[in-house]
Amino acid sequence: MSKERKKEIRRKLIKVLNENPNWLDSDHTELKKEIQLLGQFLGYNSKNKKIGDLTLEKYLKLLSLGFNNQEIKGIYQLSEGSFKEWLKEHDFYRRNVDEILNENKEFKNYD
């Protein structure tokens with residue numbers, strides 16, 4: 001992940017934390033997941049093992065946060081072929097990000 005991309009994620013994380021200073025005590029689980037996910041990616045570097053298994057929920061949340069497929073594939077250390085198969089299994093292969101997110105509105109960002 002580029003330095004510029006990390007700066008962008010850091011700014012996003014700071015914005016969300018400033019808007020929600022008591023996020024840890026909040027009952028808003030989606031907000032907690034977003035903050036934790038952003039924090040994970042800031043700590044990620046390509047020498048680390050993959051963060052975990054890519055799930056539908058994580059994929060949609062990352063798309064809504066502005067990550068692209070190449071970044072998601074790299075973070076989860078998926079090969080081109082396995083990522084393509086994953087996208088096909090979830091009917092996302094060769095589909096527009098906005099179209100995917102519109103069909104899955106519950107994963108929209110908090111902005």
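Throughout, read-outs are computed from the coordinates displayed, never taken from laboratory work. Since this is a predicted model, take the numbers as computed values, not measurements. Backbone-built Cβ (ideal geometry, glycine too); neighbour counts: all protein chains shown.
For the reader, a short list of remarks on this structure follows.
- Correct choice for P(r) over Cα pairs in 5 Å bins from 0, in percent that was computed from the model, options (1) 2, 10, 18, 18, 14, 11, 9, 7, 5, 3, 2, 1, 1, 0, 0; (2) 2, 11, 18, 19, 18, 15, 10, 4, 1, 0; (3) 2, 10, 22, 23, 20, 15, 5, 2, 0: (3)
- Out-of-range pairs (alpha-carbon distance over 26 Å; input Lys15/Lys88; Lys15/Lys105; Lys3/Lys73): Lys15/Lys88
- Under 13 Å, Cβ to Cβ, from Ser26 - net charge with Lys/Arg +1 and Asp/Glu -1: -3
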